[in-house]
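J.: Below is a structure I'd like to ask you about.
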Amino acid sequence: MVWRYVQKNKKRNIKLIILLKVKRIQNPSLYKKFVIHKCKMENELKDSGKEVVKHLWHRTSQDYLQNINSEGFNRSKTLSLVNNYGRGVYFSTDFYYLEGESAIANPSNDYYCYLSQVLVGDFTKGASRCMVPPLNQQNKKYHSLVDDVTNPKVFVIFGDTQAYPSYLVHYRG
């Protein structure tokens with residue numbers, strides 16, 4: 001599954017990478033929290049026709065792998081070098097899109113990226129000053145923020161149980 005996502009994105013990009021390892025993350029307690037959050041969001045959006053879950057990429061440094069594997073994408077324990085669309089955790093539809101978002105690679109030029117299930121729900125355009133999503137027309141908070149409402153490539157989430165790290169991809173590029 002991961003290889004299919006990487007290959008799909010590789011066709012659109014020229015950058016050569018060497019895939020070193022793919023690890024499936026299995027954290028039952030974290031997944032249970034994610035599923036509870038997902039059910040709540042699906043219930044909220046059941047008549048809207050909006051997509052609740054997307055498979056998205058999150059690039060990170062080696063320093064944050066253990067925290068993400070055990071606790072998920074906690075804003076205070078993950079790295080974000082950019083905050084263009086809000087001060088949350090950044091995900092992308094494109095494997096290469098978050099190139100400038102990640103930490104500097106280690107001396108061997110190794111990188112780490114998660115293919116994650118992300119609860120995007122009802123979203124709106126983000127802004128760098130956003131600490132949490134604003135209210136929508138129903139006076140409820142949006143679930144996530146994006147770079148472009150009509151064709152989003154970047155999603156920003158703010159809830160710790162709003163994403164599940166399904167696979168960790170270790171590569172050299």
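J.: Look at segment 124-161 and say how many of its residues are in a loop (DSSP other than H, G, I, E, B), farther than 30 Å from N109 by Cα and touching a Gly at 6+ places or on another chain (Cβ under 9 Å). Can you show your working first?
T.: Going through segment 124-161, the residues in a loop (DSSP other than H, G, I, E, B) turn out to be 126-134, 136-140, 142-143, 147-153, 158-161.
Add one more test, that the residue is farther than 30 Å from N109 by Cα, and what stays is 126-127, 129-134, 136-140, 142-143, 148-151, 159, 161.
Subset that is touching a Gly at 6+ places or on another chain (Cβ under 9 Å): 126-127, 129-133, 142-143, 159, 161.
Counting residues in segment 124-161 that are in a loop (DSSP other than H, G, I, E, B), farther than 30 Å from N109 by Cα and touching a Gly at 6+ places or on another chain (Cβ under 9 Å) gives 11.
J.: Which numbered condition trips up S144, out of (1) modelled with pLDDT of 95 or more; (2) over 23 Å from Y64 (Cα atoms); (3) among the polar types (S, T, N, Q)?
T.: Checking S144 against (1) modelled with pLDDT of 95 or more; (2) over 23 Å from Y64 (Cα atoms); (3) among the polar types (S, T, N, Q), the one that fails is (2).
J.: So how many residues does segment 162-173 have that are assigned to a loop (DSSP other than H, G, I, E, B) and over 18 Å from S29 (Cβ atoms)? Steps first, please.
T.: Filtering segment 162-173 down to residues assigned to a loop (DSSP other than H, G, I, E, B) leaves 162, 173.
In the following step, the residues that additionally are over 18 Å from S29 (Cβ atoms) were identified as 173.
Within segment 162-173, residues that are assigned to a loop (DSSP other than H, G, I, E, B) and over 18 Å from S29 (Cβ atoms) number 1.
J.: Same structure, new question: I'm checking my understanding of the structure. Among residues of segment 34-52 that are in contact (Cβ under 8 Å) with a residue 24 or more places away in the chain and surrounded by fewer than 17 Cβ atoms within 10 Å (Cβ to Cβ), which one is farthest from L119 (Cα to Cα)?
T.: S48
The values are calculated or read from the model by the stated rules, or taken from the named source; none is laboratory data. Just so we're clear, the structure is a prediction, and the values are computed from it rather than from any experiment. Heads up, the Cβs are rebuilt from the backbone with ideal geometry, glycines too, and the neighbour counts pull from every protein chain shown.
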